[in-house]
Amino acid sequence: MTHQRTGHAPMPEKPTLDGLEQVWVARWEEEGTYRFDRTRERAEVYSIDTPPPTVSGSLHVGHCFSYTHTDIMARYKRMSGFEVFYPIGWDDNGLPTERRVQNVYGVRGDASLPYDPSFTPPDKPGKREVPVSRRNFVELCHQLTAVDEQAFEDLWKRMGLSVDWSLLYTTISDRSRAVSQRAFLRNLARGEAYRAEAPTLWDVTDRTAVAQAELEDREWPGAFHRISFYGDAGPVWIETTRPELIPACVALVAHPDDERYKPLFGTTVLTPLFGVEVPILAHHLAEMDKGSGIAMICTFGDLTDVIWWRELNLPTRSIVGWDGRLLPEPPEGVDGEPYKELAGKTVHSARERIVELLRESGDLDGEPRPVQRTVKFYERGDRPLEIVTTRQWYIRNGGRDEALRARLLERGRELTWHPAFMRTRYDNWVEGLNGDWLVSRQRFYGVPFPVWYKLDGSDELILPDEDQLPIDPSSDVPPGYTEDQRGVLFAADTDVMDTWATSSLTPQIAGQWGTDLFDRVYPMDLRAQSHEIIRTWLFSTVTRSHLEADVLPWKDVALSGWVLDPDRKKMSKSKGNVVTPMALLEQHGSDAVRYWSANGRYGVDTAFDAGQLKVGRRLAIKILNASKFVLSMGADSGEVTEAVDRSMLAALAATVREATAAMDGYDHTRAIEVIERFFWAFCDDYLELVKARAYDSSPAAASAHAALREALDVQLRLFAPFLPFVTEEVWSWWREGSVHRAPWPSLPAGDGDPAVLAVATDVLGRIRKAKSEAKLSMRAEVSRLTVSGPEHELVRLAQDDLCGAGNVEEFVLEPGETLTVEVTLD
């Protein structure tokens with residue numbers, strides 16, 4: 001629960017931004033300022049599904065950018081009267097963490113090794129990685145992520161994220177593993193999860209399967225090789241960049257409309273070197289203008305091979321192993337004599353050797369022709385993917401079910417997107433799916449599949465009850481069995497879930513599925529994330545929620561753009577162009593970094609600009625100094641009676657309405673623009689206009705005091721979601737409790753006319769200009785000021801303040817057609 005502080009701190013003699021973060025982070029935690037009240041009903045709650053950052057090193061300024069956007073909305077909704085459920089988590093399982101452990105400790109996991117309870121990693125990684133047992137490797141993952149997670153927490157607190165730290169979760173915790181396994185078992189029971197042997201995109205470096213959502217197209221150098229196959233009517237020439245796959249060839253294919261090959265459809269040819277008879281077939285995906293127009297179908301060179309293999313019902317001749325080397329034995333029917341020249345070689349070495357063999361046999365026409373081609377990579381990998389045949393777990397996602405695809409597209413239309421155009425990316429992804437979601441990985445540090453297999457020849461599954469979760473089948477024993485029966489009567493499934501299979505359940509994990517809390521927060525209100533993971537995190541979460549509960553996981557989705565470097569390239573750790581935030585926070589202050597972030601709109605990529613940080617710091621300093629001036633003017637016990645004061649408050653009321661509409665529309669950038677614009681006008685114009693009057697002791701001075709304090713109160717609350725530290729500091733000088741638990745301002749329009757302040761500001765600006773051009777002090781006397789125009793009656797209402805601010809001796813007002821200001825200086 002929140003414990004509101006009473007009383008207020010003394011106003012310092014010299015206000016400063018330095019050290020505010022340390023003071024207020026500690027106070028907020030001590031007072032439970034952002035602690036969620038789990039007694040509230042669902043209608044009173046605004047619930048946020050926050051992205052758990054991957055724990056694989058350090059955060060960069062791009063993370064600060066997008067997480068600030070979410071925090072601004074959380075703070076606004078809290079001030080708008082909602083009890084905000086705002087958890088934070090760490091995505092600490094999966095391949096990125098494993099790679100970091102390998103790099104830091106110089107080890108690699110080996111499932112065949114026994115656990116060594118006394119193992120300690122090398123002081124420094126050596127040239128060769130030290131093999132360790134699966135359990136030892138997982139322990140090192142836990143050890144390293146704990147260090148990284150503390151650094152992440154320190155940074156987010158320094159940034160002022162108003163999360164409830166008591167709700168912190170990790171994707172490898174017992175609760176997360178139980179949720180993931182429970183959801184999987186339910187998918188399995190409904191027939192939505194299944195295991196199948198199929199061609200699988202495979203990362204040979206990490207030796208694990210890769211899902212469609214994790215693919216990245218990259219340009220890669222290669223060469224076309226013109227090679228002859230032997231037919232009854234003479235040689236048939238194909239051009240390929242993968243000659244090493246000739247032993248895996250199962251057919252040749254050409255377009256059905258290609259006149260060159262129509263006579264050959266239905267006939268057969270022999271493969272060079274190996275003499276395997278393969279058919280020549282027709283398929284519409286063959287490209288007549290690519291190479292010779294006729295292609296090998298190999299099992300498997302690329303995803304098109306998979307389509308041809310499946311649709312043309314072809315046999316399988318696999319030759320590439322999980323390690324990226326050619327298998328030691330040839331496929332059935334392939335001559336072993338030439339194949340032994342390739343066995344055990346890497347794909348690259350096998351390619352070089354088979355080209356030599358083809359050149360010797362006369363089957364290679366000319367020299368290879370260099371070409372740049374687009375190939376599939378794992379998005380975090382550095383070698384092209386291979387396609388190998390493996391047995392994997394899948395979850396249905398509409399890739400092979402048109403009815404489910406249509407329903408998930410409809411779910412996308414039910415969501416409210418910020419910005420709206422981002423829905424197109426979702427639609428394009430769902431419409432382009434070509435298979436179900438591959439969710440198994442052949443790694444160590446992840447959520448295990450809660451499955452054992454009977455070893456009686458049936459391959460029947462043994463499943464735990466939900467109340468037994470979480471389990472690790474590699475160390476836990478299924479009900480009714482004993483450990484000494486492992487490998488005899490039962491075996492564990494050794495795969496782990498794809499990290500997205502866990503992250504797709506963040507609403508269930510953070511909301512503590514199965515407890516009373518879950519009913520108070522789910523379905524959630526907001527998913528905030530970056531736009532490039534629409535296809536992974538957003539779509540997978542929609543899919544899991546649809547399958548489990550037949551609802552959307554949230555109502556709104558807000559998508560931040562990328563942060564770009566000065567060359568307008570996306571910042572990423574892999575590119576080495578990131579800016580780490582801690583130094584920026586220490587130099588400029590957290591409010592300055594948040595200000596820069598707030599000026600980036602949803603869905604728009606934003607270049608990192610250190611100049612904006614300086615602007616943000618200048619704004620925060622101005623808030624301190626202007627607040628000190630206002631609060632030094634005396635109490636706010638008087639009535640607001642003067643026209644200029646009422647005019648300022650009317651303009652402020654309009655600002656509140658505009659900022660509120662912007663925030664309700666998830667346009668934080670528009671909101672900060674209008675709030676900041678009013679603030680600078682307030683400081684540069686209104687304060688200067690009323691300063692002389694405010695120093696008096698007259699009723700008119702009391703009006704200024706009351707207006708100044710009311711305006712300060714409202715503006716601190718307007719700025720609070722954006723600049724939480726400086727606003728809380730000033731609020732503590734004169735208000736009880738926290739500004740972040742104060743209500744969002746709602747000013748009545750009142751009877752003031754904003755035009756009074758506007759025209760007075762215009763006149764004062766012309767007085768200043770005249771003095772500046774005359775190279776005189778702003779306090780120089782104006783012997784005569786003549787103002788004419790249709791606004792002269794409005795100017796009359798501000799006449800006394802103009803005389804005080806401009807040091808005017810004689811003031812003349814005259815009607816006229818346009819506003820004219822004549823300034824006579826001594």
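Before moving on, here are some points about what is shown:
- In this simple spin-label approximation, M11 and K614 carry label points 7 Å from Cα along the Cα→Cβ vector, and these lie 3.0 nm apart.
- Reciprocal mean inverse distance between Cα atoms of region 577-657 - Kirkwood radius, Å: 15.8
- Rolling a 1.4 Å probe over the heavy atoms of the protein chains gives the chain an accessible area of 42 Å² per residue.
- Magnitude of the charge dipole, the chain, Cβ model with Lys/Arg +1 and Asp/Glu -1, debye to 20: 820
- Summary of packing: across the peptides 158-165, 772-779, 673-680, the per-residue average of other C-beta atoms within 10 Å ranks them, highest first, as 158-165, 673-680, 772-779.
- Residues whose amide H falls under 5 Å from that of V130, counting only those 5 or more places apart or on a different chain, are V107, R108, with hydrogens built in the peptide plane.
- Coordinate range along principal axes, alpha carbons of the chain, Å, largest first: 111, 65, 53
- Cβ crowding within 10 Å averaged over residues, with 71-81, 217-227, 660-670, 281-291 ranked highest first: 71-81, 660-670, 217-227, 281-291
- Compactness of region 395-442 as Cα Rg over 2.2 N^0.38 Å, two decimals: 1.25
- Each peptide among 334-347, 375-388, 442-455 gets the average number of other Cβ atoms lying within 10 Å of its residues, and from highest to lowest they stand as 442-455, 375-388, 334-347.
- Note on K555: lysines with a C-alpha under 26 Å away, same-chain residues under 8 apart excluded, are K77.
- Once both labels are positioned 7 Å from their Cα atoms along Cα-to-Cβ, the gap between R218 and Q150 label points is 3.5 nm.
- For K771, the aspartates and glutamates whose Cα comes closer than 15 Å to its Cα, not counting residues fewer than 8 places off in the same chain, are D762, E781, E809, E822, D826.
- Computed extension length for L270-A758: 166.8 nm, one decimal, from 0.36 nm per residue of separation with the Cα-Cα distance subtracted.
- Compared with the alpha-carbon gap, the fully stretched path from D257 to L409 is longer by 51.3 nm at 0.36 nm per residue.
- Here the label points at V23 and K555, each 7 Å from Cα along the C-beta direction, are separated by 3.8 nm in the simple model.
- Accessible area ranking (1.4 Å probe, heavy atoms, ligands and nucleic acids excluded), largest first, for L564, L825: L825, L564.
- Estimated at the nearest 10 Å², the accessible area of D401 is 60 Å² with a 1.4 Å probe.
- Between the alpha-carbon centres of region 58-111 and region 120-156 there is a gap of 18 Å.
- On the beta carbon distance between F518 and E332, with R0 = 60 Å, the FRET formula returns roughly 0.65.
- For V375 and D456, a Förster radius of 45 Å and the Cβ-Cβ distance give a FRET efficiency of 0.55, rounded to the nearest 0.05.
- Mean-position separation - Cα centroids, region 791-816 and region 550-610, in angstrom: 48
- Measuring between their Cα centroids, region 403-432 and region 166-225 lie 22 Å from each other.
- Residues whose amide H comes within less than 5 Å of that of R784, counting only those at least five positions distant or on another chain, are E809, E810, T824 (H built at 1.01 Å from N in the peptide plane).
- 10 Å-binned pair-distance histogram of region 169-267 (Cα, whole percent): 10, 22, 26, 17, 14, 8, 2
- Semi-axis lengths, Å, region 499-615, gyration tensor of Cα atoms, sqrt of 5 times eigenvalues: 33, 16, 13
- Kirkwood analysis of the Cα pair distances in region 189-246 returns a hydrodynamic radius of 15.8 Å.
- One decimal place: the segment T39-D484 gains 155.4 nm when fully extended, by the rule 0.36 nm per residue minus the C-alpha distance.
The values are calculated or read from the model by the stated rules, or taken from the named source; none is laboratory data. The structure displayed is predicted, hence computed values, not measured ones. Neighbour counts are summed over all protein chains in view; Cβ atoms, including those assigned to glycine, are modelled from backbone coordinates with ideal geometry. With ligands, DNA and RNA removed, areas are computed over all heavy atoms of the protein, side chains included. Shrake-Rupley method; radii C 1.70, N 1.55, O 1.52, S 1.80 Å.
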